[in-house]
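The values are calculated or read from the model by the stated rules, or taken from the named source; none is laboratory data. Given the structure is predicted, the values throughout are model-derived calculations rather than measurements. Cβ atoms come from the backbone with ideal geometry, glycine included; neighbour counts cover every protein chain shown.
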Amino acid sequence: MYVAVVESNKCLAKKMKENIEKYLGYKCIKISIYINAEEFLKQLFRYDIVFMGVKLTQMDGLEAAMQYKMIYPDSMLFIVSRNLEDSCAGYKVGAVRFVWENKLDENMEEALRYANNKLVAYEEIRFTILHQQEAKNIAIKDIIYLETIKRNVKIITTYGEYLTSETITSIFERLKTKGFFQPHKSYLLNLAWVKEIQNDDIGKNRKSIVMKKGKIIPLSRNKTEEMKTMLWEWRVKNSDLM
């Protein structure tokens with residue numbers, strides 16, 4: 001698991017790191033500390049959890065948070081500030097919790113317990129990858145969609161693509177309770193990465209799915225209503241992570 005702390009106050013950043021290690025250390029976390037938002041954004045790295053200070057030396061933390069969430073919408077973002085007024089602004093840019101500096105330890109504990117309860121998505125699924133001829137663990141949250149390519153299945157993730165000889169049907173059996181849906185016989189998608197359902201160019205009675213990375217996935221007519229229901233239910237259940 002990857003965690004980032006973006007905070008110009010080095011003493012405060014150190015205390016935050018200590019809290020993270022205390023409550024999440026058993027999950028083999030890697031913590032990165034940035035003293036300004038520019039350095040953090042320049043990395044273009046997807047962190048699982050981000051603690052973002054508001055009063056930074058250069059770019060405002062809220063502006064940085066908004067830019068980051070546009071690129072990595074599924075990262076858990078926590079806004080850290082001594083001003084309670086920043087809590088509302090934090091939620092507007094996609095934060096899931098506000099951490100008040102005046103009660104740092106108490107608020108960090110609550111925030112990290114919340115994060116821990118949401119980490120079901122960090123479960124991994126094991127595939128045998130072709131060409132490499134080895135098993136590989138891929139975090140479920142990092143899988144965007146899967147597509148049948150001839151006799152193989154291509155796994156598209158946030159950090160690369162892989163081929164496996166496992167069938168898409170057998171993969172779906174392993175993922176159907178993990179927030180995945182099969183909209184077409186050749187595709188399997190992660191509901192967390194769905195942007196919208198749109199009318200297909202072919203006609204108003206045909207629909208397709210737009211993924212957050214821009215990929216268009218066909219939606220079978222007999223799966224349209226089920227897809228709408230599944231997507232709505234997933235978003236209601238996970239609204240605080242969107």
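One table, with the values for the structure above:
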read-out: Hits in the range 24-51 - residues which are aromatic (Phe, Trp, Tyr) and surrounded by fewer than 18 Cβ atoms within 10 Å (Cβ to Cβ); value: Tyr26, Phe45
read-out: Selected residue (criterion: farthest from Thr229 (Cα to Cα)) from residues of the range 177-193 that are of a type outside the set (Lys, Arg) and touching a helix residue (DSSP H, G or I) at 6+ places or on another chain (Cβ under 6 Å); value: Leu188
read-out: Answer residue from the range 103-119, given it is in contact with a Leu (Cβ under 9 Å, 6 or more places away or on another chain) and under 13 Å from Glu21 (Cα atoms) and is surrounded by the fewest Cβ atoms within 10 Å (Cβ to Cβ) among those; value: Asn116
read-out: The range 66-102 - residue that is more than 19 Å from Gln43 (Cβ to Cβ) and among the acidic types (Asp, Glu) and, of those, surrounded by the most Cβ atoms within 10 Å (Cβ to Cβ); value: Asp86
read-out: Qualifying residue in the range 80-92 (condition: modelled with pLDDT of 95 or more and within 16 Å of Ala115 (Cβ to Cβ)); value: yes
read-out: Residue ranges of strands (runs of 3 or more DSSP E) in the range 131-203 with at least 1 members modelled with pLDDT of 90 or more; value: 143-149, 152-157, 160-164, 180-184, 187-190, 194-200
read-out: Elements of type helices (runs of 4 or more DSSP H) contained in the range 1-98, each with 1 or more residues being in contact with an Asp or Glu (Cβ under 8 Å, 6 or more places away or on another chain), of a type in the set (A, V, I, L, M, F, W, C) and assigned by TED's automatic domain parsing to the domain that holds Asn116; value: 10-24, 37-42, 61-71
